[in-house]
Structures are given as structure tokens and as C-alpha cells.
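Report on the structure given below.
The values are calculated or read from the model by the stated rules, or taken from the named source; none is laboratory data. Remember, predicted model here, so these are calculated numbers, not experimental data. Note that we place each Cβ from the backbone using ideal geometry, even for glycine, and neighbour counts take in every protein chain shown.
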Amino acid sequence: MTGRTTLRQVAERAGVAIGTASAVFADKSWVSEQVRTAVRAAAEELGYQPRPRRPEHGDVTDLGFLATVDETFSVANPYFARVLHGAQQACAERGIALHYEVVDPDSGRLPLCVQRRQVSGVLVLGHDIDRAYLERVVERRVPCVLLEHAPVDLPVDHVRHDDERGGHLAGRHLLALPGTPRTPGLITGEAKVSPVGDRTRGFRRALEEAGVTLDPAHVRSGTLDVASGMRCMNELLALPDPPSAVFCANDETAFGALEAVRARGLRVPEDIAVMGYDDVPQAEHTDPPLTTIATGKELIGTQAVWHLLERLRHPDLVTRDTRLGVRLVERASTTGTASS
């Protein structure tokens, strides 16, 4: 058989009227299970895929929010929780249900909400998920928006923060601190985590522009949590010539770094300045309050929902890579005074 398989051909193969076949793919409740099975079997045999609908916002009732198996995307993580909240609020305002599901791309199993055709589209929060896995989702004709993910050459939209600019702002801030010349240190994360890689590049660029060489001994890689922040900061403080300021790739790491400094009886920022990234709610309540780079956590969730709804209404739109702005929030962990 040549050309695109039509719904009429599926209906003929299943022995039903074309209207009945259409009702199957529209998930109409009046269709019997026997007919539903026959139509779907005919569609699979002929390689038929229903054309995506072009709904208005009011026609979309369910969206999926997928998070990969990672502590970074646990609902207990303050960053993740705010992103999810932003997406939920955007859906609630439009009367849309949001299905939250944890997925493990390494298992090879597609999300249940995709397998069961329960959602009109999905938001995917994860760092550099295997392209082949994402391609399988796209092949199911499920519109997809990636959050905080490196660009992939697939018909999906991206929403992420301008993290390279954020790292650059952090580097410039630490270099501009008054007093004796400071040689900043860096506690980063795994290179495969694309936002962290962007932050690190921006930080290094700020130092290079200022003619400052980042000492490899002053660089540590953690796992973006409190425990690794403590470990990495202890390693830096144990050096014969420790850095006088440290940029941490996220706030959780910075919280651990602050604990390590206090445990040694040192003062922040007098002995060592510390700054983080994300500006989660706890950042302004640490001792001292944490200087950080603020990101639009709720906004990225909201923006992703908007992109997905636009994609559902206009499937032929060109793909988009949206960068959200970031800003420096100065607090006492670097300046000695809170000024957010």
C-alpha cells in the first residue's frame, strides 16, 4: 500500500462505519470494547496514525508533567516544587488537569499517560534525556515541551533559563567584591546536566574577561545537594591556599558549603564569600542570607504550559527555544549586608 493510510481504509478493514472509527480515536464512551479493539488493531496493521487535533484551550482537558528519576526532580526539592507549582497554576486557570508522572528513560518504557493516550501533550523536566527516548514520544504524535533541557533536533519546544548569563553575573559579582583581591572557587555539578554546564561556562568567561585564571585546585564537582556542598567546601578549605570566594552551581550546594564554613569556625563573608544559584525560598533565611542568581521557577512551568497549548492549536509552528532571564540577588553571604 502506498501513500498515507486513511481513516476510511481503517474503517473498511475493521468492518465499521467511518464515523464509528473516528469515534474510537476520539475516545467516545459509547463505542463498545469489541469495536474499539477491532479498529485499533486495523490501525496498527495498516500503520495508521490519527492526525493531531487543533484544539482551543477549552478543548484540552489533560496534560502530562513528566519528571525523570532523579533527586533533583523530587517534589521535596525546593526548585522542582516551584516549577511544578507554576505548571499546575497555569493549568488550573484554564480548567486543565495536570498528570504528574515519574519516568525512567533508561528502562525503555514510555510514560503510562502516553501509552494510554490519556493526555493531549506532555511537559518533560529532565537534563539531557536520551534523544532516542524523546523521539519515541514524538512518534506517538504527542506534542512535547522540554524544560531545562539541552536543545535536541526534534520537533519539540524548549523552555530554559539563560544560565550562561547567570554564571557570568556570578563571576562578575565575586570579582567585584571589595577588599583584598579574591580568587573565586567553583563547586559545580555533573557536566551532563546542561544548565550547570551553562552556568560554569558563564562563570569561567567572566573570569577570563577580567584576566583572572581559575585555579584547577579551586574547582570541585558535586551532586547538587547539601551533602556534596559540605564535602566540596571542606576540600577547598583544606587547601594550603583556599579560595576567598566560592560560586556554587545551585542553592542546595551553597547551603552545604555554608555549613562547612561554620563548622570550621570561619566567618561568611569575612573569611570566605559564598553564593548560590536559583534563589529558592530558603536562600534568604540562611545564616547569613545567601547571595544567589534568581530564576523564574514558577514562570518556567507557566511558560511551558503556554507553549504546549500553542503547539496543540498550531501543530505546524516552527520549533521554539525560549530563554528566560535571570538576575543577581545580593545578600549578606557576599556583601555583608542583605540587599535583595
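Computed values, structure above
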{"read-out": "Residue ranges of strands (runs of 3 or more DSSP E) in segment 254-340 with at least 1 members without any contact (Cβ under 8 Å) to a residue 40 or more places away in the chain", "value": "292-294"}
{"read-out": "Failed item in (1) free of Cβ contacts under 8 Å to residues at least 60 places away in the same chain; (2) in contact with a Lys or Arg (Cβ under 9 Å, 6 or more places away or on another chain); (3) not in a helix (DSSP H, G or I), with VAL114 passing the rest", "value": "(3)"}
{"read-out": "Residue match in segment 99-111 (condition: crowded, with 20+ Cβ neighbours inside 10 Å and not in a helix (DSSP H, G or I))", "value": "yes"}
{"read-out": "VAL159 being closer than 28 Å to GLY86 by Cα, modelled with pLDDT of 90 or more and in contact with a Ser or Thr (Cβ under 6 Å, 6 or more places away or on another chain)", "value": "yes"}
{"read-out": "Single residue of segment 231-272 satisfying the filter (under 19 Å from TYR79 (Cα atoms) and of a type in the set (A, V, I, L, M)) that is nearest to the chain's Cα centre (by Cα)", "value": "ALA249"}
{"read-out": "Some residue of segment 193-205 being more than 27 Å from PRO151 (Cβ to Cβ) and either among the small types (Gly, Ala, Ser) or in contact with a strand residue (DSSP E or B) (Cβ under 7 Å, 6 or more places away or on another chain) (or both)", "value": "no"}
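For every residue, the table says whether it meets (1) closer than 28 Å to GLY121 by Cβ; (2) of a type outside the set (A, V, I, L, M, F, W, C); (3) crowded, with 22+ Cβ neighbours inside 10 Å; (4) modelled with pLDDT of 95 or more.
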site	(1), (2), (3), (4)
GLU139	yes, yes, no, no
VAL152	yes, no, no, no
ARG165	no, yes, no, yes
ILE187	no, no, yes, yes
SER194	yes, yes, no, no
GLY229	no, yes, yes, yes
GLU235	no, yes, no, yes
